[in-house]
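*Asks:* Dropping a structure here in structure tokens format, bear with me for questions.
None of the figures in this text is laboratory data; all of them are computed from the coordinates on show. None of these values were measured; they are calculated from a predicted model. All Cβ positions, even for glycine, are placed from backbone atoms using ideal geometry, and neighbour counts span all protein chains on display.
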Amino acid sequence: MTDFKNLRKITTHVLQEMKLNGEKITMLTAYDFSMAKIIDKAGIDIILVGDSASNVMAGFDTTLPITLDNMIYHASSVVRGKVRALVVVDLPFGTYQGDSKEALQSAIRIMKESGASAVKMEGGREIIESVERILTAGIPVMGHLGLTPQSIYKFGTYTVRATESTEAQRLREDALLLEEAGCFGIVLEKIPAVLAGEVSKSLKIPTIGIGAGRHTDGQVLVLHDMLGINQEFSPRFLRRYHNLFAEITGAVTNYIHDVKNEDFPNDREQY
Ligand code: KIV
């Protein structure tokens, strides 16, 4: 087994080297101290404090309601749990689309109050001024193109994006713009595998795919989906590595049984 303890800490420069060496980058979401500790120890490269916290932690239907304060709370919990991974935090909806000054203030709050290493923002040319301003302040930025869930009410559906040529061309151009602006990486969500491969090849910075096929420089999944805690979400791209919903249900059922039957606590479990 790989000795992950002795692996070096992940920085944006290490990610760049990984792309150059053809080593795939691994990224998972986490929103709390305990899960961050587990996935960091397991050797994950990037922990994304995604605004998917709005869905899997808070139970909302979309990522729109989560606030900057909520994200800072989740991000600071994650930072306390990790040793090696790079922690990237989503700027939530409504905290960067207004103007670049507001975007910078939001990014600064995340960096100062959570101790994270980078922020992620959804969009291309329409947010480029904000991206540049944040980068100028020395804050690393990860882009996010393709399906951008903060725009769900514009798209109207969570279906695959950039399947027709105009949107595909716009995505190619936006990816280049984000790279030229100085982003250290780009998430490509739910786009055709061929397009994701082409974009990944054309860029110097790494791409991290979700539902974007195998030719991106890395992969990301939402932790609750891949562990099978969240059972309601089953897109084609999702591989479930565990059925934690069933495991936890089993453990809780056993606990209820033991308490009801006065089997817990026993003589050795009391003072
Ligand atoms: O919020 C999130 O979890 C994300 C990933 C799906 C990439 O943005």
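*Asks:* What's the magnitude of the charge dipole for the chain around its Cα centre, counting Lys and Arg as +1 and Asp and Glu as -1 at the beta-carbon? Answer in Debye, nearest 20.
*Replies:* So the dipole magnitude of the chain works out to roughly 680 debye.
*Asks:* If you rank SER54, SER151 by fewest surrounding Cβ atoms within 10 Å, what's the result?
*Replies:* The most exposed by this proxy come first: SER151, SER54.
*Asks:* With the dipole of the chain worked out from charges on the C-beta (+1 for Lys and Arg, -1 for Asp and Glu) around the Cα centre, which of ILE44, ALA246, VAL78 lies farthest toward the positive end?
*Replies:* It is ILE44.
*Asks:* Hey, what angle do you get for helix 165-181 against the long axis of the chain, alpha-carbon based, 0 to 90 degrees rounded to 10?
*Replies:* So the helix axis and the longest Cα principal axis differ by about 90 degrees.
*Asks:* Distances longer than 25 Å among the Cα atoms of the chain: what percent of all pairs is that?
*Replies:* 46 percent
*Asks:* For the chain, the longest stretch holding no trypsin sites (Lys or Arg not before Pro) located in a DSSP loop with at most 11 other Cβ atoms within 10 Å is which?
*Replies:* Here the longest run is 10-203.
*Asks:* Let me ask something additional. What distance in nm lies between label points placed 7 Å from Cα along the C-beta direction at ILE38 and MET57?
*Replies:* About 1.6 nm separates the two model spin labels.
*Asks:* Counting only helical runs of four or more DSSP H residues, what would the 222 nm mean residue ellipticity of the chain come to if each run contributes -39,500 (n - 2.57) and the total is spread over all its residues? Each step should come with its number before you reach the end.
*Replies:* Values: 11 runs with 113 residues, N = 271.
Theoretical 222 nm ellipticity from helices: -12500 deg cm²/dmol.
*Asks:* While we're looking at this one, here's another question. Normalised by the residues of the chain, what does the relative contact order come to in percent, with Cα pairs under 8 Å and at least six apart?
*Replies:* For the chain, the relative contact order is 15 percent.
*Asks:* Relative to the longest principal axis of the C-alpha atoms of the chain, give the angle of the C-alpha long axis of helix 68-81, reported between 0 and 90° and rounded to the nearest 10°.
*Replies:* Roughly 60 degrees between the two axes.
*Asks:* Taking other Cβ within 10 Å of each residue's Cβ, how do VAL222, VAL88, VAL14, VAL83 sort, fewest first? Please report the intermediate quantities before stating the final value.
*Replies:* Numbers: VAL222 22, VAL88 28, VAL14 15, VAL83 11.
Ranking VAL222, VAL88, VAL14, VAL83 by Cβ neighbours within 10 Å, fewest first, gives VAL83, VAL14, VAL222, VAL88.
*Asks:* Could you identify which residue out of THR159, THR11, THR95 has the top mean-square fluctuation in a GNM of the chain using Cα springs shorter than 10 Å?
*Replies:* THR159
*Asks:* Please compare each pair in LYS9/LYS120; LYS9/LYS37; LYS41/LYS82; LYS9/LYS82; LYS19/LYS82 to a cut-off of 18 Å on the Cα-Cα distance and tell me which ones are over it.
*Replies:* Values: LYS9/LYS120 20 Å; LYS9/LYS37 14 Å; LYS41/LYS82 8 Å; LYS9/LYS82 10 Å; LYS19/LYS82 23 Å.
Too far apart for the 18 Å limit: LYS9/LYS120; LYS19/LYS82.
*Asks:* Additional query: Angle check, please: helix 193-202 long axis (alpha carbons) against the longest principal axis of the chain (alpha carbons), in degrees 0 to 90, nearest 10.
*Replies:* 60 degrees
*Asks:* Fewest Cβ neighbours within 10 Å first, please rank TYR153, TYR271 accordingly. Don't jump to the answer; show the numbers that get you there.
*Replies:* Values: TYR153 8, TYR271 3.
Arranged by neighbour count, lowest to highest, TYR153, TYR271 become TYR271, TYR153.
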